[in-house]
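Visitor: Input: one structure, supplied below.
The values are calculated or read from the model by the stated rules, or taken from the named source; none is laboratory data. Note that the coordinates shown come from a computational prediction; the quantities given were computed from them, not determined experimentally. Here Cβ is always computed from backbone atoms with ideal geometry, including for glycine, and neighbour counts include all displayed protein chains.
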Amino acid sequence: MTTRRAKHEPLPAKAFLPMSRVEMEHLGWDALDILLVSGDAYVDHPTFGAALLGRWLQAHGYRVGIVAQPRWDTPDDITRMGRPRLFAGVTAGALDSMLAHYTAFRKKRHDDAYTPGGRHGARPNRACIVYTGLVRQAFPGLPVVIGGIEASLRRATHYDFWSDAVRRSILLDSKADLLVYGMGERPILEMAQRLAAHGPSCDWRGIPGTAFAAKHADTAWQPADREFIPFPSHEEILGDPAKLMEASLAMERQVHQGNAWAVQSCQQRDVVFTPPAAPLATEELDRLYGLPFTRQPHPIYQEPIPAVAMIQFSVTTHRGCGGGCSFCSLALHQGRRIASRSAASIEAEVAGLTRHPQWAGSLSDVGGPSANMWGARCGAPACTRTSCMTPKLCPHFHADQAVLLQLLRRLRGLPGVKHVRVASGIRHDLAMKDETYLRALAEEFTGGQLKLAPEHCCPNVLRLMRKPPFETFEAFLTIFERESRQAGKEQYIIPYLISAFPGCTDDDMRALADWLKRRGWRPQQVQCFIPTPGTVATAMYHAGIDPDGRPIPVPRTDAERLRQHAILMPEQKSGKRR
């Protein structure tokens, strides 16, 4: 049996996690403990999930190897480093593989930002299912855990836009042993610890933040004296699309409540969802992001990976989003409560970036899902809201943007730092609560363009999106433009907009086009709505109802969707680009 390194012993300086037997031998490893298989190229940066979890597991004493974008017609790439001692973890990568491959009009995309050379086609459709099959073929009997955004959002019965069908949980389709939903550090570490202590016969059911399958007759998993949320069964959803809305809202409730179990019946089996894993505490996040990432692609790659240019000199300050937008997966995946790093940890990371050989002085982004939620906290002992921000800002949601402003200014004052940008987007309704922060954002931390997501202008559509009133966006524009002028800076708002949203009519799109015309704006960021698995908006699309069960108009056919999209983007009438 292979021996592991002493707990917390680091890899040699500047070492990548191994991708080959030669690299393992260079590290003195005769075998792996854990193999991670990813649909993304291996970039040793904390934005890439395989790198993040690999470093986390290694920091806890486990030997971890990575197989990135393996061929899917042979298990040879999976077997190149030998059979791991504990388990294999499988992820499709940073995006659902179907979303990575197809546009809103089911056209094939021509590029992939997470692949060397930006080439399309380096990962298969439904990558979690395919990769799990490869691992089973390569290492019979080895436990397999699936996770990442594809597994997380497909964890229950879901509508699949690309096949126009309701599919059962990806746990059942992949035949994996365990599914990790949400952020994976706690669940995957506990899985490793249980297997290391007790071997493959251990019971890994009950790990927070996971889903497992059980036979109907098996009641051993059922928690005693715990809150329990039943989802409509797979068969019920197949028979009644409105049941998908019921299931989607129940899944939201389970995630937001944080202490409830849930179960969904499917074909004589139960898919059991444990309560979400607790967010990492500030000290744990600091340790995680302080691990020795090289922030570079693995040396095996000869071509640039487009995503690297976007994120190499960005810094993640927090996780989670209080917005709860109906079309967004963030709250389902990362949670609605904010988990933030300390200011000292963020400053240390930026100081380290200034010593990077490719550093040019500019911090491209400081933020998270919504950049101005760093340090935010919820003061409510219990909460049943679907969003902290709408229909109006919750009085229990506390975000000190003055402290955030202090952090940004300290980062800008570090030796070697010329520019600090907030490029990941902010909540403009939250920014309006602190005009000092808003003014500084315009004067000091916007590099010509600021991205915001009003998404639409019509009240009926914004209500279904769970977005703030459009008057709030217009008020923000007035202040931002005024402060930019007073600072002598020519700056622009780049609005993210959505066409063909459930409940949106052609007249609604024309109203938005008229507003843009009056402003003299030519939109650049218009996304035709894509029904991604698991979200409430996707249930609206499939069932044709709002969350209260009332019928709504849904642009469903490609012709209807293209017509709405072309009202804002006439040059994209074919649907090829989006």
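Visitor: Quick one: MET19 ticks every box in (1) in a loop (DSSP other than H, G, I, E, B); (2) crowded, with 22+ Cβ neighbours inside 10 Å bar one, so which box is it?
Guide: (2)
Visitor: Where residues in region 78-124 are assigned to a helix (DSSP H, G or I) and among the polar types (S, T, N, Q), which of them is farthest from the chain's Cα centre (by Cα)?
Guide: Looking at residues that are assigned to a helix (DSSP H, G or I) and among the polar types (S, T, N, Q), I get THR79.
Visitor: Let me ask something additional. Examine region 221-232 for a residue that is within 30 Å of PRO555 (Cα to Cα), at pLDDT 95 or above and not β-branched (Val, Ile, Thr), and state whether such a residue exists.
Guide: yes
Visitor: Answer yes or no as to whether GLY549 is at pLDDT 95 or above, touching a strand residue (DSSP E or B) at 6+ places or on another chain (Cβ under 9 Å) and not in a strand (DSSP E or B).
Guide: When the stated conditions are applied, GLY549 does not pass them.
Visitor: Just for region 153-179: of the residues that are part of a helix (DSSP H, G or I) and not hydrophobic (A, V, I, L, M, F, W, C), which one is nearest to VAL90 (Cα to Cα)?
Guide: Across region 153-179, the extreme among qualifying residues is SER174.
Visitor: In region 338-351, how many are free of Cβ contacts under 8 Å to residues at least 60 places away in the same chain, among the small types (Gly, Ala, Ser) and either outside any helix (DSSP H, G or I) or within 13 Å of MET251 (Cα to Cα) (or both)?
Guide: 1
Visitor: Let me ask something additional. Inspect all residues belonging to region 141-152 and state whether any of them is over 16 Å from HIS333 (Cβ atoms), of a type in the set (D, E, K, R) and modelled with pLDDT of 95 or more.
Guide: Checked against the condition, which is being over 16 Å from HIS333 (Cβ atoms), of a type in the set (D, E, K, R) and modelled with pLDDT of 95 or more, region 141-152 yields no hits at all.
Visitor: Here is a further query. Out of all the residues in region 506-523, is one or more of a type in the set (A, V, I, L, M, F, W, C), on the phi < 0 side of the Ramachandran plot, crowded, with 23+ Cβ neighbours inside 10 Å and not assigned by TED's automatic domain parsing to the domain that holds ALA371?
Guide: yes
Visitor: Tell me, which residue of region 75-108 that is in contact (Cβ under 8 Å) with a residue 60 or more places away in the chain and of a type in the set (S, T, N, Q) is nearest to CYS528 (Cα to Cα)?
Guide: The selected residue is THR103.
Visitor: So, of the residues in region 324-337 that are assigned to a loop (DSSP other than H, G, I, E, B) and under 14 Å from the mean Cα position of the chain (by Cα), which turns out to be nearest to GLN401 (Cα to Cα)?
Guide: That would be ARG336.
So that you can scan it fast, the table gives a plain yes or no per residue for (1) over 30 Å from the mean Cα position of the chain (by Cα); (2) farther than 19 Å from ILE567 by Cβ:
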| residue | (1), (2) |
| --- | --- |
| LEU477 | no, yes |
| LYS489 | yes, yes |
| PRO502 | no, no |
| LEU512 | no, no |
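Visitor: Among what's in region 201-230 and is free of Cβ contacts under 8 Å to residues at least 60 places away in the same chain and assigned to a strand (DSSP E or B), pick the residue that is farthest from the chain's Cα centre (by Cα).
Guide: Restricting to residues being free of Cβ contacts under 8 Å to residues at least 60 places away in the same chain and assigned to a strand (DSSP E or B), the top hit is LYS215.
Visitor: Same structure, new question: On the given criteria, is MET389 under 30 Å from THR103 (Cα atoms) and assigned by TED's automatic domain parsing to the domain that holds ARG519?
Guide: no
Visitor: Which one of the conditions (1) of a type in the set (Val, Ile, Thr); (2) surrounded by 23 or more Cβ atoms within 10 Å (Cβ to Cβ); (3) out of contact with any helix residue (DSSP H, G or I) (no Cβ under 7 Å at 6 or more places or on another chain) does THR74 fail to meet, given that it meets all the rest?
Guide: (2)
Visitor: Considering only residues that are in a loop (DSSP other than H, G, I, E, B) and closer than 24 Å to CYS383 by Cβ, which ones fall in region 246-269?
Guide: GLY258, ASN259, ALA260
Visitor: A follow-up question, please. State whether the residues of region 440-450 include one that is under 18 Å from VAL526 (Cα atoms) and within 26 Å of the chain's Cα centre (by Cα).
Guide: There is at least one residue in region 440-450 that is under 18 Å from VAL526 (Cα atoms) and within 26 Å of the chain's Cα centre (by Cα).
Visitor: On the basis of being surrounded by 14 or more Cβ atoms within 10 Å (Cβ to Cβ), of a type outside the set (Lys, Arg) and modelled with pLDDT under 95, does LEU452 make the cut?
Guide: Yes: the conditions hold for LEU452.
Visitor: Shifting gears a bit: In region 270-320, what count of residues is obtained for those that are in a loop (DSSP other than H, G, I, E, B) and surrounded by 18 or more Cβ atoms within 10 Å (Cβ to Cβ)?
Guide: Residues that pass the stated criteria total 15.
Visitor: A follow-up question, please. Among the residues of region 333-368, which ones are among the hydrophobic types (A, V, I, L, M, F, W, C) and in contact with a Cys (Cβ under 9 Å, 6 or more places away or on another chain)?
Guide: ILE338
Visitor: Given ARG410, ARG421, ARG439, which one is out of contact with any Pro (no Cβ under 6 Å at 6 or more places or on another chain), among the charged types (D, E, K, R) and over 20 Å from ALA487 (Cα atoms)?
Guide: ARG410 is the lone residue from the list that is out of contact with any Pro (no Cβ under 6 Å at 6 or more places or on another chain), among the charged types (D, E, K, R) and over 20 Å from ALA487 (Cα atoms).
Visitor: Anything in region 255-269 that is surrounded by fewer than 18 Cβ atoms within 10 Å (Cβ to Cβ) and under 20 Å from ILE170 (Cβ atoms)? List them, or say none.
Guide: Once the filter is applied, which keeps residues that are surrounded by fewer than 18 Cβ atoms within 10 Å (Cβ to Cβ) and under 20 Å from ILE170 (Cβ atoms), region 255-269 yields SER265, GLN267, GLN268.
Visitor: Moving on. Which one of these does LEU464 not meet: (1) more than 23 Å from SER326 (Cβ to Cβ); (2) not small (Gly, Ala, Ser); (3) not in a loop (DSSP other than H, G, I, E, B)?
Guide: LEU464 satisfies all of (1) more than 23 Å from SER326 (Cβ to Cβ); (2) not small (Gly, Ala, Ser); (3) not in a loop (DSSP other than H, G, I, E, B) except (1).
Visitor: Given ARG119, ARG136, ARG123, which one is under 22 Å from ASP44 (Cβ atoms), of a type in the set (Lys, Arg) and touching a residue at least 24 places away in the same chain (Cβ under 8 Å)?
Guide: ARG123
Visitor: In this structure, does ALA539 turn out to be crowded, with 22+ Cβ neighbours inside 10 Å, in a helix (DSSP H, G or I) and at pLDDT 95 or above?
Guide: yes
Visitor: Please go through region 413-441 and pick out each residue that is out of contact with any strand residue (DSSP E or B) (no Cβ under 8 Å at 6 or more places or on another chain) and among the aliphatic types (A, V, I, L, M).
Guide: Answer for region 413-441, where residues must be out of contact with any strand residue (DSSP E or B) (no Cβ under 8 Å at 6 or more places or on another chain) and among the aliphatic types (A, V, I, L, M): LEU414, LEU430, ALA431, MET432, LEU438, ALA440.
Visitor: Given the conditions (1) surrounded by fewer than 20 Cβ atoms within 10 Å (Cβ to Cβ); (2) farther than 18 Å from TYR437 by Cα; (3) under 24 Å from the mean Cα position of the chain (by Cα), report the number of the one that SER387 does not fulfil.
Guide: Looking at each condition in turn, SER387 falls short on (1).
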